[in-house]
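Structure first, commentary second.
The values are calculated or read from the model by the stated rules, or taken from the named source; none is laboratory data. Values in this document were obtained by computation on a predicted structure and should not be read as measured data. Glycine also receives a Cβ, built like all others from the backbone with ideal geometry; neighbour counts cover every protein chain displayed. Quick note on the areas: whole protein, heavy atoms, side chains included, nothing else; ligands and nucleic acids left out. Shrake-Rupley method; radii C 1.70, N 1.55, O 1.52, S 1.80 Å.
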Amino acid sequence: MQTAKTISEVRIAVRNAQAAGKRIGCVPTMGALHAGHLSLIEKARQDSDFVVVTIFVNPTQFGPSEDLSKYPRPLQRDLKLCEQAGADLVFHPDVPTIYQKEPQITVSVGDLATRWEGASRPGHFDGVATVVTKLFNIVGPDVAFFGQKDFQQLSIIRAICKDLDFPIEIISCPTIREEDGLALSSRNAYLSSASRKSSTVLYQALCLAEELTQRDEFTLEQIRHKMHSLLLSQPGVEPVYATIVDTERLEELEQRQTKIVAIIAAKLGQTRLIDNMIIRL
Ligand code: AMP
């Protein structure tokens, strides 16, 4: 496995792989890798011939009161895991490599960035869209792999490719969970043991949404209330949103559709967790 800290090293490695006729796959991450990230790398291994993992804790997607400085950065461990999972190249630039001084151009996302995660985290999705656009331009992949876990992010990345004409196939990978249902996240490490116990209620609320939408007994509005009540039933869980939306624009729905998505965010102490479940009716 190769590693690269500079853009030119990445471009040379990718050009060589392309010259050998290889299909380039890209897995963007912020590191602190867990089995969720590794499932993306393994999927990339299956679906492409040259797997580029990027590890970059992107400062522009963190708000001023968020956890940028304490975000875990176990680089040596991450590199080992990437190698075991089958990466060919890991790009782990430092901040000045990605962000030149006083950039004039950033990517700004429309409506889709103002809802849900965007409402709680102003500027977050513009930061994500800008860095993903830059990483796509640096790596130039044929295909890129993202987790369904970050459903709104995935919708925005699909919109970037569509609206900015990136010829990149976007593959959504299923959410990897702990045995009790908690979606794996680098932020789970911040949970106290009491919060960890309560945290399974997010998955339970999604399962409840799935079960109730598949029956005709309740309206979607009533189901939203039940999701909220279930979240509130666990000590220390503060719901931010718990609702049912369409899978493209993520607009709140009043009526059932054949494919919908239940989305949840909740605070447990200082830690904010998100999760979602696609429901087919
Ligand atoms: P992050 O390092 O948090 O930016 O995540 C990098 C990629 O891993 C994103 O595409 C995430 O959606 C994906 N990811 C994070 N957690 C999981 C999980 N539990 N299962 C599958 N993919 C995940």
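What accessible area per residue, rounded to a whole number of Å², is obtained for the chain using a probe radius of 1.4 Å?
Details: 13490 Å² over 281 residues.
With all protein chains present, the chain gives 48 Å² per residue.
Could you tell me which of the pairs Lys22/Lys101; Lys43/Lys162; Lys70/Lys134; Lys5/Lys149 are separated by over 31 angstrom between their Cα atoms in the structure shown?
Working: Lys22/Lys101 35 Å; Lys43/Lys162 23 Å; Lys70/Lys134 24 Å; Lys5/Lys149 28 Å.
From Lys22/Lys101; Lys43/Lys162; Lys70/Lys134; Lys5/Lys149, over 31 Å: Lys22/Lys101.
Where Lys and Arg each count +1 and Asp and Glu each count -1, what net charge lies around Pro167 among other residues with Cβ under 15 Å from its Cβ? List each step's numbers first, then the result.
Values: positive: Arg23, Arg158, Lys162; negative: Asp142, Asp163, Asp165, Glu169.
Residues near Pro167 contribute -1 overall.
Once phi is turned into ³J(HN,Hα) by the Karplus curve 6.51 cos²θ - 1.76 cosθ + 1.60 with θ = phi - 60°, what whole-Hz value does each residue of segment 16-30 show in order, with x for glycine and proline?
Going residue by residue, I get 4, 5, 5, 4, 8, x, 8, 8, 8, x, 10, 10, x, 9, 9 Hz, with x marking Gly and Pro.
Would you work out the relative contact order for the chain, in percent, from Cα pairs under 8 angstrom that are 6 or more residues apart? All intermediate terms of the calculation are to be shown ahead of the outcome.
On the way: 490 pairs, mean separation 46.5, N = 281.
It rounds to 17 percent for the chain.
Once both axes come from the Cα atoms, what is the angle between helix 35-47 and the longest principal axis of the chain, in degrees from 0 to 90, rounded to 10?
So the inclination is approximately 60 degrees.
For segment 68-79, just list the computed ³J(HN,Hα) in residue order, Karplus coefficients 6.51, -1.76 and 1.60, θ = phi - 60°, integers in Hz, with x standing in for Gly and Pro.
Those phi angles translate into 3, 6, 9, 4, x, 9, x, 4, 4, 5, 4, 4 Hz.
Leaving out ligands, DNA and RNA, what percent of the accessible area of the chain is carbon and sulfur, probe 1.4 Å? Show your work: numbers first, answer last.
On the way: 6720 of 13490 Å².
For the chain, the apolar C and S fraction of the accessible surface comes to 50 percent.
Could you give me D for segment 131-247, from Stokes-Einstein at 25 °C and 0.890 mPa s, where the hydrodynamic radius is the Kirkwood radius over C-alpha pairs? Units µm² s⁻¹, please. Walk me through the intermediate numbers first.
On the way: Rh = 16.6 Å.
D, rounded to a whole number, is 148 µm²/s.
Choose one of Ser229, Val201, Ala242: the residue whose Cα lies farthest towards the positive end of the charge dipole of segment 186-276 (beta-carbon charges +1 Lys, Arg; -1 Asp, Glu; about the Cα centre).
Of Ser229, Val201, Ala242, it is Val201.
Just for the chain, what percent of DSSP beta bridges are antiparallel, to the closest 5? Please report the intermediate quantities before stating the final value.
On the way: 21 of 40 bridges.
Counting only bridges with both partners in the chain, antiparallel ones make up about 50 percent.
Which whole-number percent gives the relative contact order of segment 175-281, counting Cα pairs below 8 Å spaced six or more residues apart? Let's see the in-between values first.
Numbers: 178 pairs, mean separation 27.9, N = 107.
Rounded, it is 26 percent for segment 175-281.
Can you grab the distance from the C-alpha centre of segment 113-152 to the C-alpha centre of segment 176-252, Å, no decimals?
Cα centres, segment 113-152 to segment 176-252: 23 Å.
Computed on alpha carbon atoms, what radius of gyration and Dmax characterise the chain, expressed in Å?
Calculated on Cα positions, Rg and Dmax stand at 19.2, 59 Å.
Considering only Ser69, Ser185, Ser120, give the residue with the highest GNM mean-square fluctuation for the chain, with springs between Cα atoms whenever their separation is below 10 Å.
It is Ser69.
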